[in-house]
Each structure stands twice: as C-alpha cells, then as structure tokens.
1. Could you check segment 59-85 and list, in sequence order, the residues that are free of Cβ contacts under 8 Å to residues at least 60 places away in the same chain and more than 18 Å from residue 119 (Cβ to Cβ)?
2. Check 102, 32, 9 and return the single one that is assigned to a strand (DSSP E or B) and either under 25 Å from residue 164 (Cβ atoms) or hydroxyl-bearing (Ser, Thr, Tyr) (or both).
3. Go through 46, 72, 58 for me and flag whichever is of a type in the set (Asp, Glu) and at pLDDT below 95.
4. Take the conditions among the hydroxyl-bearing types (Ser, Thr, Tyr), free of Cβ contacts under 8 Å to residues at least 40 places away in the same chain, out of contact with any Leu (no Cβ under 6 Å at 6 or more places or on another chain) and open to solvent by 70 Å² or more (accessible area, probe 1.4 Å) and apply them to residue 88. Does it pass?
5. Which members of segment 130-157 meet the condition of being outside any helix (DSSP H, G or I), in contact with a Ser or Thr (Cβ under 9 Å, 6 or more places away or on another chain) and aliphatic (A, V, I, L, M)?
6. Can you pull out the residues in segment 11-42 that are among the small types (Gly, Ala, Ser), within 20 Å of residue 99 (Cβ to Cβ) and open to solvent by 30 Å² or more (accessible area, probe 1.4 Å)?
7. Look at segment 103-147 and say how many of its residues are open to solvent by 20 Å² or more (accessible area, probe 1.4 Å), under 11 Å from the mean Cα position of the chain (by Cα) and at pLDDT 95 or above.
8. Please specify each residue of segment 43-61 satisfying the condition of being farther than 25 Å from residue 151 by Cα, open to solvent by less than 50 Å² (accessible area, probe 1.4 Å) and out of contact with any Gly (no Cβ under 7 Å at 6 or more places or on another chain).
Amino acid sequence: MRALITGITGFAGSHLADFLLAEHPEVEVFGTYRWRSRRDNIEHLDGKVTLLETDLRDYVSVHAALARSRPDAVFHLAAQSFVPTSWSAPSETLSSNVIGQTNLFEAVRALGLDPAIQLACSSEEYGLVLPHETPIKESNPLRPLSPYAVSKVAQDYLGYQYFQSYG
C-alpha cells in the first residue's frame, strides 16, 4: 500500500506520517512539499518517507508527484490555512486551495488512478453560527466568513462533485 500526504511538512501532515510509520509499517509513505517549506516537523523522517517537491498550483508538478507515488490513498492536507492571510491574499488562498485540489483530482484522472482521497475540511466553513445552532452538526448551514472559509467550502463541494461525477 502506498500513501501520499500532501502538505507533509505541516503540523497535521507530519503527525499523520508519524502515525502511518508507527502503526502501519507496511505502508510506503510519500509526501509533497514546496521548495520554501520549513522541514522542522519532518527532519526525523529523513530516509523513512519519500519527499516529492510539488506546487499544487502547477498541474505538471502535481501530475509528476502522482505518477511517481501512484498512491492507493491520498491524504490531502496541503492548503493555505491561515485565516488572516486569506484576508490579505484572498486570490492566493483560493488558488492554492481550490485550484490545487482541482489539479490533484485531474492528475488522478489523467493517470487512471483510483485512490481513496481524504480531504481536510474546517469548522471555518460554518462561519456564522447562531446561538441556537450549537453544538454544530454537519447538517448546519455553511456561512463562511473569510476567504479561507470560502475556499474550504469550495474544496468540500469540489470533492463531492468529483465523487459524484467520476467515483
């Protein structure tokens, strides 16, 4: 079994890699990173995972990473996830998150792969939550209040659309 973790250098990605290596040693772990990503969280994984330099906004880069890893499972954790940054760079946030995920899905299709794909979503998608709506349930309306939240709603719906359209 092969697993690809997009955003392996981040907090969640590095912990997922640790978990997979410890609890599922039969899994070959690949991870995407950007050339400018800090690698502090994964220094201890040197030689244990295969790192693939990838910019999710660049389809060719994503296609190459998927062609190399040919994953059975994709944990899509890479994102511009800092809410304040989404206010100062909304286009960058939408491009990284929505176009990046589209490139991932399209590369999977082009290569004829059939991995399980797990998408990381956010409570930010719910945005405006009224007092009588707590605790929040998945059936709660989505009312995103930041560009980041809008990008995560788009990723959620994009995942749904690709699943319905392509399985």
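1. Step one: filter segment 59-85 for residues free of Cβ contacts under 8 Å to residues at least 60 places away in the same chain, giving 59-64, 67-68, 84.
Correct list: 59, 60, 61, 63, 64, 67, 68, 84.
2. Working: 102 fails: assigned to a strand (DSSP E or B); 9 fails: assigned to a strand (DSSP E or B).
After applying the criteria, what remains is 32.
3. Of the residues listed, the single one that is of a type in the set (Asp, Glu) and at pLDDT below 95 is 46.
4. Working: among the hydroxyl-bearing types (Ser, Thr, Tyr): yes; free of Cβ contacts under 8 Å to residues at least 40 places away in the same chain: yes; out of contact with any Leu (no Cβ under 6 Å at 6 or more places or on another chain): yes; open to solvent by 70 Å² or more (accessible area, probe 1.4 Å): yes.
Considered against the rule, which asks whether it is among the hydroxyl-bearing types (Ser, Thr, Tyr), free of Cβ contacts under 8 Å to residues at least 40 places away in the same chain, out of contact with any Leu (no Cβ under 6 Å at 6 or more places or on another chain) and open to solvent by 70 Å² or more (accessible area, probe 1.4 Å), residue 88 comes out as yes.
5. Hit for segment 130-157 is 136, nothing else.
6. Hits for segment 11-42: nothing passes.
7. Within segment 103-147, residues that are open to solvent by 20 Å² or more (accessible area, probe 1.4 Å), under 11 Å from the mean Cα position of the chain (by Cα) and at pLDDT 95 or above number 3.
8. Here is the first cut: in segment 43-61, the ones farther than 25 Å from residue 151 by Cα are 43-51.
Subset that is open to solvent by less than 50 Å² (accessible area, probe 1.4 Å): 45, 49-50.
Residues satisfying the conditions are 45, 50.
The values are calculated or read from the model by the stated rules, or taken from the named source; none is laboratory data. Just so it is clear, the model here is predicted, and its values are computed rather than measured. Don't worry about glycine lacking a Cβ; one is built from the backbone with ideal geometry, like all the others, and counts go over all protein chains shown. Quick note on the areas: whole protein, heavy atoms, side chains included, nothing else; ligands and nucleic acids left out. Shrake-Rupley method; radii C 1.70, N 1.55, O 1.52, S 1.80 Å.
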